[in-house]
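Participant: Just passing along the structure, written as structure tokens.
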Amino acid sequence: MNKRITTNKIYMDCAATTPVSKSVFDAMTPYFMEEFGNANSLHSFGRDAAATLKTAREKIASLIGSHPSEIYFTSGGVECLNWALKGIATAKRDKGNHIITSAFEHHAHVKACKTLEQEGFEVTYLPVYENGVVKIEDLESAITEKTILISIMLANNEIGTIQPIEEISRLAKKHKIPLHTDAVQAVGSLDINVKTLGVDLMSISAHKFYGPKGIGALFIRNGLKINKLIEGGFQERSMRGGTSNVAHAVGMAKALEEAIKDREKNVVHIQKLSDHLCQRMLSEIPSTTLVGQDAQRVPQINNFCFDFIEAESILFRLDMEGICASSGSACASGSLEPSHVLLALGVSIERAQGSMRFSINKNLTKSDIDKVVDTTKKVVKILREMSPLTPKEDSQTLFKDTSKSKQI
Ligand SMILES: *Cc1c(COP(=O)(O)O)cnc(C)c1O
């Protein structure tokens, strides 16, 4: 386990990124200053780098149940999503122009779909309902003769709900439509074996599972026709140009190995912490809801809506108290638009304003979670007292506390 770098802070944002683990860092270090060769060079430095890259690729391939020739290193999740969507869409344009996805994919995915729409593709965004899960019936009725790709994420990054990819795969296979899944949030929590899932393309990103930032991998099933996104040299079997990032590939392979080896242990630990967090948040802070609470979720992501107040204010006050979580309400552009994910679930705009994501990494403890709840309680109380939206007649119920609040 990593030692926490700043011991008095509690990091509750592993869905945004995770620290590089010590063993991953150690595995990477020789490839910066000593074995720094360009994997395309013909001399011994180059050949060593190429051999190291090959080993990393083989390791990743075997960990997800694929062949090394099906693993393509990229700069991370966003590049994988862009490549999968645009690469398949343009390669299969002669077959059709229809893509099916969900209404709450990652921002990069949403934007790439919008771009494709501008270029004449038709995109169906399946509803995800109150629970944050797509329905197979909806998918089935959305499929047409012209459907060339289905792309649905395995676990949502804002609310954690898990999508029925194996069932989706059966339908995709029946109709011979390639299936991509964004598995970025699923690594370390769910089985990401591409055979079990039955996917043709899968995106993963190392920094979400204790690996370095700036490297990801796109699994592309052999035989699937796809165009390249980044033109350049002969790297990645001429499918993705740019000098290979050998150190990061090694780090990613090591991080993936650990994530898969320790998956059960970590899931049990994180699930316990999440259950404790949810139990206390929901029972001790009135007018609070857990988004997607009836659906299956990855254990690390918990998204709460605190009524009558704004998430940014909660975030800044928690930050001042040394607790780092994420507000789920504002989109990346910093506008006041509520999250497209929450809106897709039918959460009201008012409620979505008070959405906070607490994502739990493997290094946290139960007492960390208690401190998070105690502090959040205090912060929510202060903000609600100041908020004009707080219904005054209810203020007793809103703040009434059963027991432990005295000390905070
Ligand atoms: C973080 C994330 C991405 C983007 O990955 P990067 O490596 O940061 O570009 C894509 N999809 C999901 C679900 C994510 O959580």
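Participant: In deg cm²/dmol, rounded to 500, what helix-only [θ] at 222 nm does the chain give when every DSSP H run of at least 4 residues adds -39500 (n - 2.57) and the total is split over its residues?
Facilitator: Theoretical 222 nm ellipticity from helices: -12000 deg cm²/dmol.
Participant: Where does each of 29-40, 187-198 land if you order them by average Cβ count within 10 Å, highest first?
Facilitator: In descending order of packing, they fall as 187-198, 29-40.
Participant: So how much slack lies between E58 and T17, counting 0.36 nm per residue of separation and subtracting their Cα-Cα distance, in nm?
Facilitator: Stretched out fully, the E58 to T17 stretch lengthens by 12.3 nm.
Participant: Stretch R47-C324 to full length: gain in nm at 0.36 nm per residue minus the Cα-Cα span?
Facilitator: Result: 95.4 nm gained on full extension.
Participant: Assign unit charges at the C-beta atoms only (+1 for Lys and Arg, -1 for Asp and Glu), then state the dipole size of the stretch 128-175 relative to its Cα centre in Debye, rounded to the nearest 20.
Facilitator: With only Lys, Arg, Asp and Glu charged at Cβ, the dipole is about 240 debye.
Participant: Name the residue farthest towards the positive end of the dipole of the stretch 22-261 from the options N97, Y129, L190, assuming +1 on Cβ of Lys and Arg, -1 on Cβ of Asp and Glu, about the Cα centre.
Facilitator: Farthest along the dipole direction, towards plus: N97.
Participant: Of all accessible surface on the chain at a 1.4 Å probe, what whole percent is carbon and sulfur?
Facilitator: Heavy-atom surface of the chain belonging to carbon and sulfur, 1.4 Å probe: 54 percent.
Participant: From the Cα gyration tensor of the chain, with a ≥ b ≥ c the square roots of its eigenvalues, which class applies: rounded if a/c is under 1.5, or else prolate if a/b is larger than b/c, or else oblate?
Facilitator: Taking the square roots of the gyration eigenvalues as a ≥ b ≥ c, the chain is oblate.
Participant: Please compute the contact order of the chain in relative form: average sequence separation of alpha-carbon pairs under 8 Å and at least six residues apart, divided by the residue count, as a percent.
Facilitator: 21 percent
Participant: K95: accessible area at probe 1.4 Å, nearest 10 Å²?
Facilitator: Result for K95: roughly 130 Å² accessible.
Participant: Between T144 and E166, with labels modelled 7 Å along Cα→Cβ, what's the label distance in nm to one decimal, could you check?
Facilitator: 3.2 nm
Participant: Something else: Just grab the label-to-label distance for E264 and N8, each label 7 Å out from Cα along the Cβ direction, in nm (one decimal).
Facilitator: 4.1 nm
Participant: Residue-wise, which Karplus ³J(HN,Hα) couplings in Hz belong to the stretch 358-365, taking 6.51 cos²θ - 1.76 cosθ + 1.60, θ = phi - 60°, and x for glycine or proline?
Facilitator: Karplus values, whole Hz, x for Gly and Pro: 10, 10, 9, 8, 5, 8, 7, 10.
Participant: Still on this structure, I have one more. Measuring from label point to label point, each 7 Å out along Cα→Cβ, what is the F36 to E312 span in nm?
Facilitator: Placing both labels 7 Å along Cα→Cβ, they lie 4.3 nm apart.
Participant: Listed here are the pairs K195/K261; K272/K381; K54/K173; K174/K213; which of them are more than 28 Å apart at the Cα?
Facilitator: Where the Cα-Cα span goes over 28 Å, the pairs concerned are K54/K173; K174/K213.
Participant: Using a 1.4 angstrom probe and counting only protein chains, how large is the accessible area of D48 in Å², to 10?
Facilitator: D48 has an accessible surface of roughly 90 Å² with all protein chains in place.
The values are calculated or read from the model by the stated rules, or taken from the named source; none is laboratory data. Given the structure is predicted, the values throughout are model-derived calculations rather than measurements. Every residue, glycine among them, receives a Cβ derived from its backbone with ideal geometry; neighbour counts consider all protein chains shown. We work out accessible area using only protein heavy atoms, side chains counted, and drop any ligands, DNA or RNA first. Shrake-Rupley method; radii C 1.70, N 1.55, O 1.52, S 1.80 Å.
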